[in-house]
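Data first, discussion second: the structure below is written as structure tokens.
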Amino acid sequence: MKICVLIKQVPDAGSVLRIRDDESWVEEDKLVFTANESDSYALEEALLLKEAHGGEVIACTLGPERSRQVLKDALSKGADRAIFLHDESFNNLDCNGLAKVFAKVLEKEHCDLILCGLQADDTGEAAVGPMLAQELHLPHVTMVVQTELLDGGLKVKQELEGGWFRQVETSLPALLTIQSGINKPRYASLRGIMAMKKKELRELSATDLGVPATELAPMQTLQRIYVPVKTKETVYLEGAPEEVVAQLVDKLANEAKVL
Amino acid sequence: MGKILAFIQLDDGQPNRNALEALQGGQQLAADMGHQLIGVVFSASSPQQLQFKMDEIITVAAPELEHYSADTYVAAMAQIIAAEQPDLLIAGHTYQARDWLPRLAAQISRPLISDCIGFQKGAQITWVRQVFQGKVHADVTTGEGLAIVSFQAGAFRHDRLESGSPAIRSQEVDLSAVEVQVRAGEPFQDTKAAVDLSRAERIVAVGRGIGDEEKLALVRELAEALGAELGSSRPVVDYGWLSHDRQVGSSGQTVAAKLYLAVGISGAIQHQVGMKNCGCIVAINKDANAPIFEIADYGIVADLFEIVPRLTAAIKEHRSA
Ligand SMILES: Cc1cc2nc3c(=O)[nH]c(=O)nc-3n(C[C@H](O)[C@H](O)[C@H](O)COP(=O)(O)OP(=O)(O)OC[C@H]3O[C@@H](n4cnc5c(N)ncnc54)[C@H](O)[C@@H]3O)c2cc1C
Ligand SMILES: Cc1cc2nc3c(=O)[nH]c(=O)nc-3n(C[C@H](O)[C@H](O)[C@H](O)COP(=O)(O)OP(=O)(O)OC[C@H]3O[C@@H](n4cnc5c(N)ncnc54)[C@H](O)[C@@H]3O)c2cc1C
């Protein structure tokens, strides 16, 4: 089984975000970056499938120099090799463009399975997975919370809204988008980290891939980002912890009358 | 005159609520842009309830569309788009829409602006979407030609839909060549939920901010003192710290408690949709910019470990007084 996992590097959930003066994006210099949460679950699922059925796990990311780290982490956890898509011209890709670039790389890899996260925690378009499946003419299943390999195919449990699920069967090769909670992502072991240093991490540019820039021109433009204007009147309780607690008990008892 | 197609997702023949909200957005867009608004249902007949102001409703019937599949939905909509040449295709950002709209956008090579919370009119429409899980908003525009836009649950209000009696037109599609590659079974729920949070009067909900499974005891004690059920955000369930029936949100339970106390929960939209209708919402979070404060009645910006034990003690004292 040959599996490729797409891992995006995103700011850590606990990051304090500062918007650039020109409102084009957030200041990145003080941010801590990490692998997108659902992508970490996708990587673990790939490693579990490989351990159970044999094969190879390839980790792939596209992004600036800093994002090389998510590949090193994936290699340390047990991925066999990594592909780093890195090029100035990739900076302005929209999700259609990203899917085209990933398709260029993956059409040569002939994977049995491609795993994505269900959405990126930063820009959250929830689009790249199904778009890539379309580019590669592969079947896809979104929001997968369990996988089981069948003879020549795959049975997965798909999450639906409101606590509902269903079983879905697909032929292979296929693309899945993985929902969080599907497994327990592992930590890298010291041995894994040592082994990582000897593994292949291949960097590819737009020229290497032979994707014409015209095909990648974004069809959408990010005009600006900003902190949303608050619409609800929240009563903030301030002071030392004891005071805050006393105020809250008073409000709940006498104003909201919910105690 | 331009054209807006509004895809109206039907669940067991009934219009999906999120789709109706998007339709209300469509009515606003049509008025602002002077465009036609055309509903599209993948069904032989238009459901009775669709008595809303639209220029028409297109019904699309084909045996292949009776059960949802991304392959047939994409093929059918691509044919409708080719016939109608719309400027916009809008839909609710449902799980189903997440599954097939990106695939459609890739197939016809058009931009997808997903999960929008609104728009601003101007020389061109600016779409507003959340980034960084709602902490920041982004304005996005597209160039000429068809754009596909999905709207977040609650972006517009279905109870503000203008009524009307649109003409109904059926449109043929040919899906005989579509190979359905994915076969889905019937929806099911896991073991019957042991806890029914939807009936709880008070809920203390805990999020990833608790940091550690052992620390859950702190919020358990608070819940006990308040006579509240314990609820949680998704990560706490993902980590296996609490069972799935404690999860509040779009993939968990929807609750309407009189008191909802959110501890260490950031308030991502998928959590908010499950609890925003609670009577009194209290948020304890150390990040003043956490989106949970957007819907909180009372906010405490502080370290939860400083607040929660003291709050438990104060509640006990209040109750015994
Ligand atoms: C004009 C414009 C300007 C932008 N500017 C910036 C910017 O300055 N900085 C910035 O960070 N973003 C920027 N973005 C957003 C960026 O282009 C998005 O990352 C892209 O549109 C894909 O959407 P998403 O990340 O929300 O992916 P989703 O569709 O939500 O991702 C789903 C899954 O796809 C995979 N995936 C997605 N992207 C990658 C990746 N890069 N590497 C590996 N796997 C991936 C992962 O498995 C992920 O879980 C900009 C977008 C536009 C349109
Ligand atoms: C399709 C889909 C379905 C989903 N369904 C659901 C769902 O049903 N329910 C759900 O909840 N989520 C759901 N999610 C996930 C959702 O997007 C968020 O990721 C999730 O709600 C975040 O949980 P959280 O607030 O606990 O964690 P985080 O977003 O990590 O927030 C933790 C918060 O704790 C605060 N904090 C940290 N330490 C402290 C401290 N010491 N004191 C005080 N505050 C502290 C931080 O400031 C932060 O705001 C879904 C996502 C998707 C894509």
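The values are calculated or read from the model by the stated rules, or taken from the named source; none is laboratory data. Because the structure is predicted, anything quoted here is derived from the model rather than measured. All Cβ positions, glycine included, derive from the backbone under ideal geometry; neighbour counts span all protein chains shown. Heavy atoms of the whole protein, side chains included, go into the accessibility calculation; ligands, DNA and RNA do not. Shrake-Rupley method; radii C 1.70, N 1.55, O 1.52, S 1.80 Å.
Odds and ends about this structure:
- The listed residues are A:112, A:87, A:94, A:122, and the only one of them that is among the acidic types (Asp, Glu) and within 13 Å of the chain's Cα centre (by Cα) turns out to be A:122.
- Residue that is surrounded by the most Cβ atoms within 10 Å (Cβ to Cβ) [pool: residues in segment A:26-67 that are within 8 Å of ligand 1 (Cβ to nearest atom), among the polar types (S, T, N, Q) and assigned to a helix (DSSP H, G or I)]: A:38
- Residue satisfying condition, being within 16 Å of ligand 1 (Cβ to nearest atom) and surrounded by 19 or more Cβ atoms within 10 Å (Cβ to Cβ), within set B:281, B:292, B:269, B:210: B:269
- Scan of segment A:169-211 for residues that are within 8 Å of another protein chain (Cβ to nearest Cβ), open to solvent by less than 30 Å² (accessible area, probe 1.4 Å) and more than 22 Å from the chain's Cα centre (by Cα), ordered by number: A:170
For (1) closer than 30 Å to residue B:279 by Cα; (2) part of a strand (DSSP E or B), each residue gets a yes or a no:
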| site | (1), (2) |
| --- | --- |
| A:169 | no, yes |
| A:176 | no, yes |
| A:203 | no, yes |
| A:215 | no, no |
| A:221 | no, yes |
| A:231 | yes, no |
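- Unmet requirement for residue A:123, which otherwise passes all of (1) open to solvent by less than 10 Å² (accessible area, probe 1.4 Å); (2) over 15 Å from residue A:182 (Cβ atoms); (3) within 10 Å of ligand 1 (Cβ to nearest atom): (1)
- Residue count, segment A:6-21 (criterion: out of contact with any strand residue (DSSP E or B) (no Cβ under 8 Å at 6 or more places or on another chain) and under 16 Å from residue A:222 (Cβ atoms)): 1
- Scanning segment B:280-303 for residues that are more than 7 Å from chain A (Cβ to nearest Cβ) and either assigned to a helix (DSSP H, G or I) or of a type in the set (Gly, Ala, Ser) (or both) yields a count of 5.
For every residue, the table says whether it meets (1) in a loop (DSSP other than H, G, I, E, B); (2) under 28 Å from residue A:238 (Cα atoms); (3) within 11 Å of ligand 2 (Cβ to nearest atom); (4) not charged (D, E, K, R).
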{"position": "B:242", "(1), (2), (3), (4)": "yes, no, no, yes"}
{"position": "B:250", "(1), (2), (3), (4)": "yes, no, yes, yes"}
{"position": "B:260", "(1), (2), (3), (4)": "no, yes, no, yes"}
{"position": "B:265", "(1), (2), (3), (4)": "yes, yes, yes, yes"}
{"position": "B:271", "(1), (2), (3), (4)": "no, yes, yes, yes"}
{"position": "B:305", "(1), (2), (3), (4)": "no, yes, yes, yes"}
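Residue-by-condition table, conditions (1) touching a residue at least 60 places away in the same chain (Cβ under 8 Å); (2) within 16 Å of ligand 2 (Cβ to nearest atom); (3) farther than 22 Å from residue A:179 by Cα; (4) of a type outside the set (Gly, Ala, Ser):
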site: B:55; (1), (2), (3), (4): yes, no, yes, yes
site: B:58; (1), (2), (3), (4): yes, no, yes, yes
site: B:62; (1), (2), (3), (4): yes, no, yes, no
site: B:65; (1), (2), (3), (4): yes, no, yes, yes
site: B:69; (1), (2), (3), (4): yes, no, no, no
site: B:72; (1), (2), (3), (4): yes, no, yes, yes
site: B:87; (1), (2), (3), (4): yes, no, yes, yes
site: B:124; (1), (2), (3), (4): no, no, yes, yes
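- Any chance residue A:75 is aliphatic (A, V, I, L, M) and open to solvent by 30 Å² or more (accessible area, probe 1.4 Å): no
- All positions within segment A:235-255 that are surrounded by 17 or more Cβ atoms within 10 Å (Cβ to Cβ) and in a loop (DSSP other than H, G, I, E, B): A:237
- Qualifying residue in segment B:181-201 (condition: in contact with a His (Cβ under 8 Å, 6 or more places away or on another chain), within 15 Å of ligand 1 (Cβ to nearest atom) and assigned to a strand (DSSP E or B)): no
- Restricting B:152, B:181 to those that are among the polar types (S, T, N, Q) and open to solvent by 30 Å² or more (accessible area, probe 1.4 Å) reduces the list to B:181.
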